[in-house]
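Accompanying notes for the structure given below.
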Amino acid sequence: QVQLVESGGGLVQTGSSLRLSCGASGRSFGNDAMAWFRQAPGKEREFVAAIRWITGSTVYADSVKGRFTITRDNAKNTFYLQMNSLNSEDTAVYYCATGARTLSPVVYEYDYWGQGTQVTVSS
């Protein structure tokens, strides 16, 4: 049974940084994509970033390029989202996901999801 467990969310001020973590267990992930999505109140879930588990290739949404960095630690079966220069538009529940065969920004291509962690950025 695949489990993804997020941590690291919280309440921060504009301009601050946060690092989210996602621990993965339950199967071998091969070169699957590991991704972060987010969902703000009243909005659809949107892609943030993704990384290939083995090769480390990455892709980012335009809205976070240059501010967010996705990384992984294969030894710990954990991947991360370093978020810098946070602003109010980054306020959302952040979800980690895996199971996609490509670096896809599409929600339904990911088979497994974490429970979500709240990130709130106050001005």
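The values are calculated or read from the model by the stated rules, or taken from the named source; none is laboratory data. The shown structure was predicted, so the numbers you read here are calculated from the model rather than taken from an experiment. Quick reminder, even Gly has a Cβ in these numbers, built from the backbone with ideal geometry, and neighbours come from all protein chains shown. These accessible areas exclude ligands, DNA and RNA; they are computed on the full protein's heavy atoms, side chains included. Shrake-Rupley method; radii C 1.70, N 1.55, O 1.52, S 1.80 Å.
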Whole-number D in µm²/s for region 1-66 (Stokes-Einstein; Kirkwood sum over Cα pairs; 25 °C, 0.890 mPa s): 178 µm²/s
P(r), alpha carbons of the chain - 10 Å bins starting at zero, rounded %: 15, 50, 30, 5, 0
Separation of the residue 102 and residue 5 label points, Cα + 7 Å toward Cβ, nm: 3.4 nm
Gain in span if fully extended, residue 87 to residue 31, counting 0.36 nm per residue against the direct Cα distance: 16.9 nm
Relative contact order (percent, whole number), the chain, Cα cutoff 8 Å, 6+ residue spacing: 35 percent
Percent antiparallel among DSSP beta bridges (both partners in the chain, rounded to 5): 90 percent
Net charge of neighbours whose Cβ lies under 12 Å from the Cβ of residue 30, counting Lys and Arg as +1 and Asp and Glu as -1: +2
Area of residue 19 that stays accessible when all protein chains are in place (1.4 Å probe, Å², to 10): 130 Å²
